[in-house]
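The values are calculated or read from the model by the stated rules, or taken from the named source; none is laboratory data. Given the structure is predicted, the values throughout are model-derived calculations rather than measurements. Cβ atoms come from the backbone with ideal geometry, glycine included; neighbour counts cover every protein chain shown.
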Amino acid sequence: MPPRPNAPLAGAGPAGSADPARGGVVVFAHTPPPHHGQSAMVQLLLDLFQRPAGRGTDAPRLFHVNARVSRDIAEVGGFRAGKIFALFGHCLHAIRLRRRHGARVFYYVPAPPARTPVWRDLMVMALCRPFFPRLVFHWHAGGLADWLEHQGTLWERHLAHRLLRRHHLSIVLRPFHRRDADYFEARQVTVIPNGLPDPCPDFERDLQPHRYAAATARQRALHHHENRASVVVRVLYLGLLRREKGLFDALDAVALANARLRETPLRLELTVAGEFASAAVRAEFERRVAAPDLAGTPPAVRRAGFVSGAAKDGLLRESDCLCFPTLLPEGFPLTLAEAMAYGLPIVTSDFRQLPEILPPAYPGVFAAGQPADLAARLVEFTHRDYDPVLRHWFLKHYTAERFAERMRAALSAV
């Protein structure tokens, strides 16, 4: 059962032990809903810190302020007057926790690079930072420094530097995003990638043989395709449906790839799973999939809507490849970690050095914003043998246990 909003969470240390975080940590961040990578990771953090950490390991006590201001995914990042009052209430609650429990550390997830979230940060820092001796930023979204320098006003830059600089610890999800920590002169920076509980513990027994068999079937179809039936290659797009996530690049690329594969038995089918960011995106999507290069018989695109639980598990198991064509300054997309856990081959954009999440020299990388290059990588994938390297990479680097170990060490040292 998830922790109650705004509830204190017991640390993982032995009963009666000294609290290593000098009174505890106020976690000022929201959990689902709305559901996205950041809120899911906050929930995981809270859950993991309720579990025993092992002998000889202390963990700070967490006090959660569920700082939710958006009612659904469409409101995230946008302005609504009610958000100001909700945020003010969350700040007061954090201050009360500081006074009641002596929590000295304020844990906060800074804004993505956009004006409304930046002003949220400024308000929270102005109200809360004076009360907490220690400040920790966990950068789930990258690019704030670049946004302030190139799109922010002089006044926004001045306030951001005054209120956010010289914090005690920056936690970044991958090396590329040290830029934000350095911009605000963090006193200490540590790299802690996201992690998640293994969603596919039966991989070696049940799923890996299926992955090998599917790759073998594709190879046989390519090399002995006379009088053979069509082989469907299932490509998965999983995430928020918006242009900046590369949704329309994925649609264009699948159309181009199928044109290149026309003389073979292979046919790509794109499953699109997620919520539309807006009604305008939905309308544009429906127009695009109705075009002749996608609307054949059978159609090349299938919509699955928002998926979770068993439905999401089924998609990740039955798909042959994940397409992740983002054009956003992603921190550490959980979608990539989930795909790796399922041993699902990935084709991803190279935007903001995103491939540093993957094993070195991983072949499924294309130039961001270039549907033709994405199509070429998808075609190349259909010709490759299966390699479980991504599953092994997940187990080595991105499990929940590794994440918890690193977070306990980082927060205990503040």
Test: SER39 is assigned by TED's automatic domain parsing to the domain that holds ILE95, assigned to a helix (DSSP H, G or I) and at pLDDT below 85: yes
Name, by its number, the condition in (1) exposed (fewer than 15 other Cβ atoms within 10 Å of the Cβ); (2) closer than 21 Å to GLU338 by Cβ; (3) of a type in the set (D, E, K, R) that does not hold for GLU275. (1)
Scanning region 286-303 for residues that are closer than 23 Å to LEU261 by Cβ and either outside any loop (DSSP other than H, G, I, E, B) or acidic (Asp, Glu) (or both) gives ARG288, VAL289, ASP293, VAL301, ARG302, ARG303
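Out of LEU122, LEU159, I need the residue that is part of a helix (DSSP H, G or I), in contact (Cβ under 8 Å) with a residue 40 or more places away in the chain, hydrophobic (A, V, I, L, M, F, W, C) and touching a Leu at 6+ places or on another chain (Cβ under 7 Å). Which one? If you could, list the steps in order and put the result at the bottom.
Working: LEU159 fails: in contact (Cβ under 8 Å) with a residue 40 or more places away in the chain.
The unique qualifying residue is LEU122.
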Hey, can you tell me all the residues within region 332-364 that are farther than 15 Å from GLU380 by Cβ and of a type in the set (Phe, Trp, Tyr)? PHE332, TYR342, PHE351
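Residues that are in contact (Cβ under 8 Å) with a residue 24 or more places away in the chain, among the small types (Gly, Ala, Ser) and assigned to a strand (DSSP E or B): does region 136-143 have at least one? Full working, then the answer.
Step one: list which residues in region 136-143 are in contact (Cβ under 8 Å) with a residue 24 or more places away in the chain, which gives 136-143.
The next check asks that each one be among the small types (Gly, Ala, Ser); those that pass are 141-143.
Restricting the remaining residues to those that are assigned to a strand (DSSP E or B) gives 141.
Checked against the condition, which is being in contact (Cβ under 8 Å) with a residue 24 or more places away in the chain, among the small types (Gly, Ala, Ser) and assigned to a strand (DSSP E or B), region 136-143 yields at least one hit.
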Qualifying residue in region 175-194 (condition: under 15 Å from MET407 (Cβ atoms), free of Cβ contacts under 8 Å to residues at least 40 places away in the same chain and of a type in the set (A, V, I, L, M)): yes
Which residue is surrounded by the most Cβ atoms within 10 Å (Cβ to Cβ), if the candidates are limited to region 385-394 and must be part of a helix (DSSP H, G or I) and in contact with a helix residue (DSSP H, G or I) (Cβ under 8 Å, 6 or more places away or on another chain)? PHE394
With respect to THR153, is the statement that it is farther than 22 Å from ARG408 by Cα, of a type in the set (S, T, N, Q) and under 26 Å from the mean Cα position of the chain (by Cα) true? no
Which condition number does ARG377 fail, the rest of (1) touching a helix residue (DSSP H, G or I) at 6+ places or on another chain (Cβ under 6 Å); (2) buried (at least 17 other Cβ atoms within 10 Å of the Cβ); (3) not assigned by TED's automatic domain parsing to the domain that holds LEU62 being met? (1)
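From the list ALA295, ALA300, ALA290, ALA304, pick out the single residue that is without any contact (Cβ under 8 Å) to a residue 40 or more places away in the chain, in contact with a strand residue (DSSP E or B) (Cβ under 7 Å, 6 or more places away or on another chain) and under 16 Å from GLU269 (Cα atoms).
ALA304
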Can you spot a residue in region 57-66 that is modelled with pLDDT under 70, polar (S, T, N, Q) and either in a loop (DSSP other than H, G, I, E, B) or buried (at least 17 other Cβ atoms within 10 Å of the Cβ) (or both)? yes
Restricting region 348-384 to residues that are outside any helix (DSSP H, G or I), hydrophobic (A, V, I, L, M, F, W, C) and more than 16 Å from the chain's Cα centre (by Cα), the residue that is modelled with the lowest pLDDT: ALA361
If a residue counts only when it is not assigned by TED's automatic domain parsing to the domain that holds LEU270, which strands (runs of 3 or more DSSP E) contained entirely in region 162-247 have at least 3 such residues? 169-172, 189-191
